[in-house]
1. Filter region 166-203 down to the residues that are in contact with a helix residue (DSSP H, G or I) (Cβ under 6 Å, 6 or more places away or on another chain), more than 16 Å from residue 247 (Cβ to Cβ) and free of Cβ contacts under 8 Å to residues at least 60 places away in the same chain and list them by number.
2. Name every residue in region 146-157 that is farther than 13 Å from residue 129 by Cα and either of a type in the set (Lys, Arg) or at pLDDT 90 or above (or both), in order of residue number.
3. State which residue is farthest from residue 107 (Cα to Cα) when the search covers only region 175-212 and only residues that are among the β-branched types (Val, Ile, Thr) and surrounded by 16 or more Cβ atoms within 10 Å (Cβ to Cβ).
4. Scan region 123-174 for residues that are farther than 30 Å from residue 105 by Cβ and acidic (Asp, Glu) and report the count.
Amino acid sequence: MPYCPKCDMEFIEGITICSDCGGPLVESKEIADAMKKKEQEETLTRLQAEYQAQLKMAEEIAADGMAGSQSDDSAEDASSASDKISSARISKGLGRGLPARVYVKKSQQYDDLKSSASAFFLVGGALIIFAALCWLGIVSLPLGAMGQIIITVLGAASLFVAVKTAKDAKKVEGQIGEEEIRTRKLIRWFIDSYSGDQLDEQLSREYKELVPEELSLKRFELIQDILITNHDLSDQSYVDLLAEEIYSSLYPDS
């Protein structure tokens, strides 16, 4: 007998439209049940895929934040943070033939983590509210209890990531001032100890003739070598940042 899969009602032969919802009828209850089962399986698959994608994104964000918050003696962690490259600094550096490594400052790491935490708080809160409405029977899902459980887990996972990311942001925030002081001291030390003419004189003793592009690169490399030799800096991307700012100060017209 004709059956409405939405209203769960049977009709007499000859009727093709549900009188309650106005939807089309199927041939029998068995067909309607099969359609519902297929729809539930597809919805479950979609929700699971979304859940896995969200968790993966959360893990990547948390990993990026933790990479930036590690101390400078961990070169591997610092390198993962430096993979977030600033396009402005890349174009500036490549113009002199410089490497594309860019150090992500603690202030930028803090802003990124804070934004991520806010986003996850919003998503998690919205999902928890929606799940509560489902559990109270105000909103219904095609998967019933299974769908409600998935939404609840998604919401809880988002809030967990939000809390963890917020803690990471707080940790990085405490390192901002220390990093800025250290950076200023290193740059000031170099500028007080060396001049552009001194560096060029040293290069002239090592290389007979250098075209402008080669001279810029050798200057930059020499600044890097001096920094690493005198201060034992293990984070190459941080050395690049210092060298870039020192270069700009010593050779403002280059």
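The values are calculated or read from the model by the stated rules, or taken from the named source; none is laboratory data. Since we're looking at a predicted model, the values are computed, not measured. So basically every Cβ, Gly included, is an ideal-geometry build from the backbone, and we count neighbours across all protein chains shown.
1. 166 - this is the single residue of region 166-203 that is in contact with a helix residue (DSSP H, G or I) (Cβ under 6 Å, 6 or more places away or on another chain), more than 16 Å from residue 247 (Cβ to Cβ) and free of Cβ contacts under 8 Å to residues at least 60 places away in the same chain.
2. Result: 157, single match.
3. As a first pass, look at region 175-212 and keep what is among the β-branched types (Val, Ile, Thr): 176, 181, 183, 187, 191, 211.
The next check asks that each one be surrounded by 16 or more Cβ atoms within 10 Å (Cβ to Cβ); those that pass are 183, 187.
On the way: 183: 13, 187: 18 Å.
Across region 175-212, the extreme among qualifying residues is 187.
4. 0
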